[in-house]
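Worksheet: the structure to be examined is printed underneath.
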Amino acid sequence: MKYNFDKIINRKGTGSIKYDKMNFFFGTNDLQPLWVADMDFATPDFILNDIKNRLTHPILGYTMRKPAFNQSFINWYQKRHTWKIDQEWLDFSPGVVSALAVAILALTEENDKIIIQTPVYHPFFDVVEGNNRVLIDNPLQVNNDGHYCMDLAQLEKQIDKKTKMIVISNPHNPIGRVWNKKELMALGNFAVKHNLIILSDDIHADFVYDQHRYIPIASLSDKIAQQTITITSPSKTFNIAGLSTSIAVIPNEKYRELYRKKMATLHLFLGNIFGATAFESAYEKGEEWLTQLLGYLSDNLDFTVNYIQQNIPKIKAHKPEGTFLLWMEFSATGLTHTQIKDKLINEAKIALNDGKSFGKNGEKYFRMNIATPRANLIIALEKLKRNFS
């Protein structure tokens with residue numbers, strides 16, 4: 001079956017945060033929304049059909065997740081990412097960020113130190129500081145090629161007895177790095193050496209391009225696996241984030257039991273019927289759809305990056321190794337961050353994510369979501385050209 005990713009779908013008035021909450025964040029709804037990291041493509045028909053089939057039963061009472069829930073995930077990761085996952089390692093979460101928060105509450109104490117590597121997904125700040133833990137920033141470094149890398153030498157200097165955990169993003173949001181085996185092995189061995197728990201947000205695992213390959217850090221060795229909690233979901237891959245269904249992979253039995261106890265205390269373990277249905281459907285039936293989607297997204301990225309390089313030289317944009325997010329630098333415009341933001345909103349009329357929300361090293365950067373029909377991208381790029389050439 002050939003899927004149509006060029007179809008324009010009107011999302012206004014559906015309660016979409018991306019479309020219907022712009023006024024709250026930007027002061028106006030009169031913008032082209034390329035900010036929130038969900039896609040403007042229809043959720044696959046096989047998922048919608050399976051949800052409709054479940055609706056043929058007239059009762060929507062308390063419902064457990066069937067064995068197929070975990071097994072569909074295990075099979076997907078074995079086939080696509082060559083990671084053999086034990087059924088016993090798995091537990092539920094309504095969302096990736098929810099799982100991060102639960103793990104932090106379960107495995108650390110107030111005033112413990114938790115490391116993040118900025119620029120990074122902004123809820124990482126919230127789940128650390130909002131739970132009365134001390135946030136330690138180990139900024140990613142940029143080499144001469146504009147390539148981000150981890151600074152483990154600096155990280156070594158930031159470790160003390162109160163440092164208990166590091167939260168990472170793989171593939172990385174917003175910079176688009178897909179960490180390679182050497183980088184992950186170095187970080188994993190570092191965590192083992194210092195007895196740091198690794199919380200790995202791998203929600204973009206299925207979005208990888210060209211020669212790059214997503215590697216779960218917990219798959220590298222038994223010792224690293226025992227220090228790692230991997231959290232992911234089909235919600236990005238299949239555009240079902242509104243169904244609030246994610247999964248945590250916790251090989252360490254002690255960590256797993258503490259996580260489950262905290263989930264029970266917060267009463268977050270039930271989930272919902274349609275989320276479980278969609279989760280199974282996605283992982284059991286979604287391979288061909290994803291293959292076509294990745295081709296479309298890769299073409300979108302090439303088109304966008306090439307357009308910017310040829311027509312808007314004051315903006316720097318490199319094709320990401322993974323995700324459907326483009327990290328764009330506006331330093332060469334000569335404008336301040338506030339001026340750039342004002343110009344994007346009030347002149348270009350485009351809603352992009354503010355780079356400073358990802359950390360102080362996001363100054364003069366903005367994040368664009370390219371997971372939208374090509375026609376939408378063309379409109380946005382022409383607006384950028386008119387305002388930043």
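The values are calculated or read from the model by the stated rules, or taken from the named source; none is laboratory data. Here the structure is a predicted model, which is why all the values come from computation and not from measurement. All Cβ positions, glycine included, derive from the backbone under ideal geometry; neighbour counts span all protein chains shown.
Can you tell me which residue within the stretch 238-252, out of those that are among the hydrophobic types (A, V, I, L, M, F, W, C) and within 15 Å of ASP38 (Cα to Cα), is farthest from the chain's Cα centre (by Cα)?
Taking the stretch 238-252 first, the residues among the hydrophobic types (A, V, I, L, M, F, W, C) are 238, 240-241, 243, 247-250.
Among the residues that remain, those that are also within 15 Å of ASP38 (Cα to Cα) are: 238, 240-241, 243.
Details: PHE238: 13, ILE240: 13, ALA241: 11, LEU243: 16 Å.
Top of the filtered list is LEU243.
Has the stretch 152-161 got at least one residue that is in contact with an Asp or Glu (Cβ under 9 Å, 6 or more places away or on another chain) and charged (D, E, K, R)? Taking every residue of the stretch 152-161 in turn, none turns out to be in contact with an Asp or Glu (Cβ under 9 Å, 6 or more places away or on another chain) and charged (D, E, K, R). Scanning the stretch 363-383 turns up one or more residues that are basic (Lys, Arg) and more than 25 Å from the chain's Cα centre (by Cα).
If the requirement is being among the hydroxyl-bearing types (Ser, Thr, Tyr) and either assigned by TED's automatic domain parsing to the domain that holds HIS172 or over 30 Å from LEU377 (Cα atoms) (or both), which of these qualifies: THR28, THR82?
Values: THR28 fails: either assigned by TED's automatic domain parsing to the domain that holds HIS172 or over 30 Å from LEU377 (Cα atoms) (or both).
Exactly one residue qualifies, and that residue is THR82.
Going by the conditions given, is PHE207 modelled with pLDDT of 95 or more, more than 17 Å from ALA278 (Cα to Cα) and not small (Gly, Ala, Ser)?
On the way: modelled with pLDDT of 95 or more: yes; more than 17 Å from ALA278 (Cα to Cα): yes; not small (Gly, Ala, Ser): yes.
Considered against the rule, which asks whether it is modelled with pLDDT of 95 or more, more than 17 Å from ALA278 (Cα to Cα) and not small (Gly, Ala, Ser), PHE207 comes out as yes.
Surrounded by 13 or more Cβ atoms within 10 Å (Cβ to Cβ) and within 19 Å of LEU100 (Cβ to Cβ): is that true of VAL167 in this structure? The answer is yes for VAL167.
The residues in the stretch 47-58 that are surrounded by 11 or more Cβ atoms within 10 Å (Cβ to Cβ) and in a loop (DSSP other than H, G, I, E, B) can be counted, and the count is 1. Candidates in the stretch 83-123 are the residues that are of a type in the set (S, T, N, Q) and either touching an Asp or Glu at 6+ places or on another chain (Cβ under 8 Å) or under 14 Å from ARG256 (Cα atoms) (or both); of these, the one that is surrounded by the fewest Cβ atoms within 10 Å (Cβ to Cβ) is GLN87.
Report the residue count in the stretch 345-364 for those that are over 27 Å from ILE136 (Cβ atoms) and touching a Lys or Arg at 6+ places or on another chain (Cβ under 9 Å). Walk me through it before giving the result.
Within the stretch 345-364, the first condition is being over 27 Å from ILE136 (Cβ atoms), and the residues that meet it are 345-352.
This time we only want the ones that are touching a Lys or Arg at 6+ places or on another chain (Cβ under 9 Å), so: 347-352.
So the answer is 6.
One residue stands out in the stretch 170-186 among those that are surrounded by fewer than 24 Cβ atoms within 10 Å (Cβ to Cβ) and without any contact (Cβ under 8 Å) to a residue 60 or more places away in the chain: the one that is farthest from LYS223 (Cα to Cα), namely ASN180. Of the helices (runs of 4 or more DSSP H) lying entirely inside the stretch 267-382, those containing at least 3 residues that are among the hydrophobic types (A, V, I, L, M, F, W, C) and touching a helix residue (DSSP H, G or I) at 6+ places or on another chain (Cβ under 6 Å) span 273-285.
Looking only at residues that are in a helix (DSSP H, G or I) and under 21 Å from the mean Cα position of the chain (by Cα) in the stretch 21-41, which one is surrounded by the most Cβ atoms within 10 Å (Cβ to Cβ)? Restricting to residues being in a helix (DSSP H, G or I) and under 21 Å from the mean Cα position of the chain (by Cα), the top hit is MET22. Closer than 25 Å to HIS172 by Cα and either of a type in the set (A, V, I, L, M) or in contact (Cβ under 8 Å) with a residue 60 or more places away in the chain (or both), is that true of ALA348? So ALA348 fails the test.
Determine, yes or no, whether PHE73 is assigned by TED's automatic domain parsing to the domain that holds ILE378, surrounded by 15 or more Cβ atoms within 10 Å (Cβ to Cβ) and either in contact with a His (Cβ under 6 Å, 6 or more places away or on another chain) or not basic (Lys, Arg) (or both). Working first, answer last.
On the way: assigned by TED's automatic domain parsing to the domain that holds ILE378: no; surrounded by 15 or more Cβ atoms within 10 Å (Cβ to Cβ): yes; either in contact with a His (Cβ under 6 Å, 6 or more places away or on another chain) or not basic (Lys, Arg) (or both): yes.
So PHE73 does not fit the description; no.
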